[in-house]
Amino acid sequence: MIRILLWDVDGTLLDFQAAERAAIISLFEAFSLGACSDETVRRYSQINDTYWQRLERNEITKPQVLVGRFEEFFREIGVPESLAPEFNRQYQLRLGDTIVYRDDSIHVVKALQGRVKQYVVSNGTIVAQSKKLSRSGLGALMDGVFLSEEIGAEKPNRAFFDAVFDAIRPSSLSEVMIVGDSLTSDMQGGINAGIVTCWYNPDGKPAPAGCRIDHTIADLHEVIPLTEAAP
């Protein structure tokens, strides 16, 4: 049976795209950068995704992600790159201003309390995730929170999960399941760590060949019965 759940936050428990969009639009106004269209937000999101993927492949560092994505984005849209560090600093704070639960996730987490141990595992920044977890109420429901900035390693690296296991001391890795939307961060991380993987795939994307996924779900409520059966 699954006795320990490792929850991803952005794109899994919380709607990251809603928070990202609201933060970018509000900062365009705060920095007097003019109107910010949906297409502008989409382009930023595309650039942002490539930087996080490079981080997961250990090609760049977290600071290079956080500032570099805005430098590239600003170059494209004709905004001075020198604004990137301060823009990013304020962006981290504003990401936590918009809380949208995926699939009523807070009630899923509440339903699992007392039945399994639940932990957050996230590559998000300490500033952004601390605010999100506090404002959403999810942090208070968890048995612990593990952030890559504090650990010094990112998902999907085995070092990240080794630090988590050192802290929570599972009796067997077969009782641990990671739930997340990212194939490259969450699912590959679970594979690297030797634990059960549960891919949150609400859009019904095709499963990639050669990637071990133990469970695929379209709604977070489907996690509840998975904790009652062997993987």
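Lys117: accessible area at probe 1.4 Å, nearest 10 Å²?
Around 100 Å² of this residue is reachable by solvent.
Just to verify a number: FRET efficiency for Ser37 and Glu72, C-beta to C-beta distance, R0 = 22 Å, to 0.05?
On the way: r = 18 Å, r/R0 = 0.83.
Efficiency, from the Cβ-Cβ distance: 0.75.
Could you report the accessible area of Asp214 in Å², rounded to 10, computed with a 1.4 Å probe on the protein chains as they sit in the structure?
Counting only protein heavy atoms, Asp214 exposes about 60 Å² to solvent.
For the stretch 119-161, what are Rg and Dmax over the alpha carbons, in angstrom?
In order Rg, Dmax, the Cα atoms of the stretch 119-161 give 10.3, 30 Å.
Roll a 1.4 angstrom probe over the protein heavy atoms and tell me the percent of accessible area of the chain that is carbon or sulfur. Each step should come with its number before you reach the end.
On the way: 5040 of 10230 Å².
The computed percentage sits at 49.
Would you compute, for the Cα atoms of the stretch 60-131, the largest minus smallest coordinate along each principal axis and list the three values in descending order, in whole Å?
So the extents along the principal axes, rounded to whole Å, are 51, 24, 17.
Take Glu222 and Asp203, extend 7 Å from each Cα along the Cα→Cβ direction, and tell me the distance between the two endpoints in nm.
Computed distance between label sites Glu222 and Asp203 equals 1.6 nm.
List the GluC sites (Glu not before Pro) in the stretch 9-105 that DSSP assigns to loop (not H, G, I, E or B) and whose Cβ has at most 12 other Cβ atoms within 10 Å. Which are they? Mind dumping the intermediate values first?
Values: sites: Glu20, Glu29, Glu39, Glu56, Glu59, Glu71, Glu72, Glu76, Glu81, Glu86; in loops: Glu59.
Answer in residue order: Glu59.
Have a look at Gly189, Ile217, Tyr200 and report the one farthest towards the positive end of the charge dipole of the stretch 186-231, computed about the Cα centre with Cβ charges (Lys/Arg +1, Asp/Glu -1).
My answer, from the dipole projection, is Gly189.
Mind putting a number on the dipole of the chain about its Cα centre? Charges go on the C-beta only, +1 for Lys and Arg and -1 for Asp and Glu, and I need it in Debye to the nearest 20.
Numbers: 23 positive and 32 negative charges, 72 e Å.
Rounded to the nearest 20 debye, it is 340 debye.
So, with +1 on the Cβ of K and R and -1 on the Cβ of D and E, and no other charges, what is the size of the charge dipole of the stretch 52-164 about its Cα centre, to the nearest 20 debye? Mind showing how you got there, number by number?
Numbers: 16 positive and 15 negative charges, 79 e Å.
Result for the stretch 52-164 is approximately 380 debye, rounded to the nearest 20.
Cα atoms only: what Rg and Dmax, in Å, come out for the chain?
17.7, 55
How are the alpha carbon pair distances in the stretch 143-227 distributed across 10 Å bins from zero to the largest one, expressed in percent?
All Cα pairs considered, the percentages come to 17, 50, 30, 3.
State in Å² the accessible area per residue of the stretch 122-231; use a 1.4 Å probe, count heavy atoms of protein chains only, and round to the nearest integer. Intermediate results must be reported in sequence, preceding the final value.
On the way: 4640 Å² over 110 residues.
Counting only protein heavy atoms, the per-residue value for the stretch 122-231 is 42 Å².
Would you please classify the overall shape of the stretch 1-79 from the alpha carbon gyration tensor, given that a ≥ b ≥ c denote the square roots of the eigenvalues, rounded means a/c under 1.5, and beyond that prolate means a/b larger than b/c while oblate covers the rest?
Details: a/c = 2.92, a/b = 1.57, b/c = 1.87.
Oblate shape, in that a/c is at least 1.5 and b/c is the bigger or equal ratio.
Evaluate the charge dipole of the stretch 1-67 about its Cα centre and quote only its size in Debye, nearest 20, assuming +1 on the Cβ of each Lys and Arg and -1 on the Cβ of each Asp and Glu.
Values: 7 positive and 10 negative charges, 43 e Å.
The dipole of the stretch 1-67 has a size of about 200 debye.
Full extension from Val100 to Asn58: what is 0.36 nm times the residue separation minus their Cα-Cα distance, to one decimal in nm?
Residue separation times 0.36 nm, minus the Cα-Cα distance, leaves 12.1 nm.
Order Tyr101, Tyr200 by their accessible area, 1.4 angstrom probe, all chains in place, largest first.
Values: Tyr101 75, Tyr200 5 Å².
Reading off the accessible areas and sorting them downward yields Tyr101, Tyr200.
The values are calculated or read from the model by the stated rules, or taken from the named source; none is laboratory data. Nothing here was measured: the structure is a model prediction, and the numbers come from that model. Glycine gets a Cβ as well: all are built from the backbone with ideal geometry, and neighbour counts include every protein chain shown. Surface accessibility is based on the protein's heavy atoms, side chains included, excluding ligands, DNA and RNA. Shrake-Rupley method; radii C 1.70, N 1.55, O 1.52, S 1.80 Å.
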